[in-house]
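The values are calculated or read from the model by the stated rules, or taken from the named source; none is laboratory data. None of the values given here were measured: they were computed from a predicted structure. Virtual Cβ from ideal backbone geometry, glycine too; neighbours counted across all protein chains shown. Heavy atoms of the whole protein, side chains included, go into the accessibility calculation; ligands, DNA and RNA do not. Shrake-Rupley method; radii C 1.70, N 1.55, O 1.52, S 1.80 Å.
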Amino acid sequence: MAKQRTKPDWLKVRIGHGPRYVRTAALVKDLHLHTVCEEAQCPNQGACWEHGRATVMILGDACTRGCRFCAVRSEQPAACDADEPRRVADAAARMGLQDIVVTSVTRDDLPDGGAGLWAETIRCVRSRVPDIAIETLIPDFGGSELALEQVAQADPAVFGHNMETVAGFYSRVRPGADYERSLGILAWGRRRGLIVKTGVMAGLGETFGEMAALIGAIAQTGCDILYIGQYLQPSRSHWPVARYVEPAEFDRYRDIGRRGGIKVVVSAPLVRSSYYTEEQAAYVAGKRGKV
Ligand code: SF4
């Protein structure tokens, strides 16, 4: 097993446990919610929860895929919980959220991939908190346009789907996913008039050139928002970190994305796709006429 690399200083964060963090943690537990913050051991959990922001994961905590970078359990999932949309809406209301990120495991076992519960969750949250900005980070639904349309009709503020890594790594790192299909989902969302977002990890072994090509391909889809962060290995049985990318290199990726026409590019070691940024909030508010 590859020797674990020592984390550089720029990746060392102190997870604060302020009063709002404690309240958020209690609520998440009380409402039996799954969060990516916990499942993915996100380094920004402290900052986000202190701001009352959490990324809720719906459709259970077991995924039908097995991405090698992901900490979520990969096994036959349990049946979906029809009450989950109400619980997510309850959490959003009780946490006093202005924005929420909803994501899910991939449910290749369901005829609609879970799209129906996705749309129901968005509607439930909006009925409880009418002015909330709902960001969706969807699976690929096997490329089903019917499923994508169900989510789109619920009018999410941000329509997100992560590319995660470069084309050459898909078969080894993201089995069951398809690079062109995922690019196609971004382009579909753009044609549908949605604000489209994607997230990418660096440090899995890709070259600078491969990352630049990926950013170029994302720009070609008309994607509005791109987040790029350092890959961190969830456990020793997951895909190893090939290198810790220097902050200066993230800056170069940011510049490539902006030159390619992507409106919002957030690129730095600790960036995660559901990380809150004023830049994104201002862009989305501007596009949705909320300023
Ligand atoms: S599809 Fe998503 S939740 Fe499932 S293993 Fe891959 S990254 Fe994790």
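Of the residues LYS263, LYS29, LYS7, LYS197, the one with the largest accessible area comes first in the ranking LYS29, LYS263, LYS7, LYS197, computed with a 1.4 Å probe on protein heavy atoms.
Taking 0.36 nm per residue of separation and subtracting the Cα-Cα distance, full extension of the segment from THR277 to ARG259 would add 4.5 nm.
Roughly speaking, to the nearest percent, how much of the stretch 100-258's 1.4 Å accessible area is carbon and sulfur? Before the final figure, lay out the partial values.
Details: 2860 of 5630 Å².
With neighbouring chains kept in place, the figure for the stretch 100-258 is 51 percent.
Spatial offset of the stretch 220-291 relative to the stretch 60-118 amounts to 23 Å, using the alpha carbon center of each.
How big is the antiparallel share of DSSP beta bridges in the chain, given as a percent to the nearest 5? Could the numbers behind the result be given before it?
Details: 2 of 29 bridges.
DSSP beta bridges in the chain are roughly 5 percent antiparallel.
What dipole magnitude, in Debye to the nearest 20, does the stretch 49-130 give about its Cα centre under +1 on Lys/Arg Cβ and -1 on Asp/Glu Cβ?
Working: 11 positive and 12 negative charges, 49 e Å.
Taking the Cα centre of the stretch 49-130 as origin, the dipole is about 240 debye.
Normalised by the number of residues in the chain, the average gap of Cα pairs under 8 Å and 6 or more apart makes the relative contact order 15 percent.
Restricting to the stretch 16-115, what percent of DSSP beta bridges are antiparallel, rounded to 5? If you can, show how the numbers build up before the last one.
Details: 2 of 8 bridges.
Close to 25 percent.
Can you work out the PRE-style zone for ALA26? Point 7 Å along Cα to Cβ, and I want the residues of the stretch 88-110 with backbone N under 20 Å. It comes to 88-98, nothing else.
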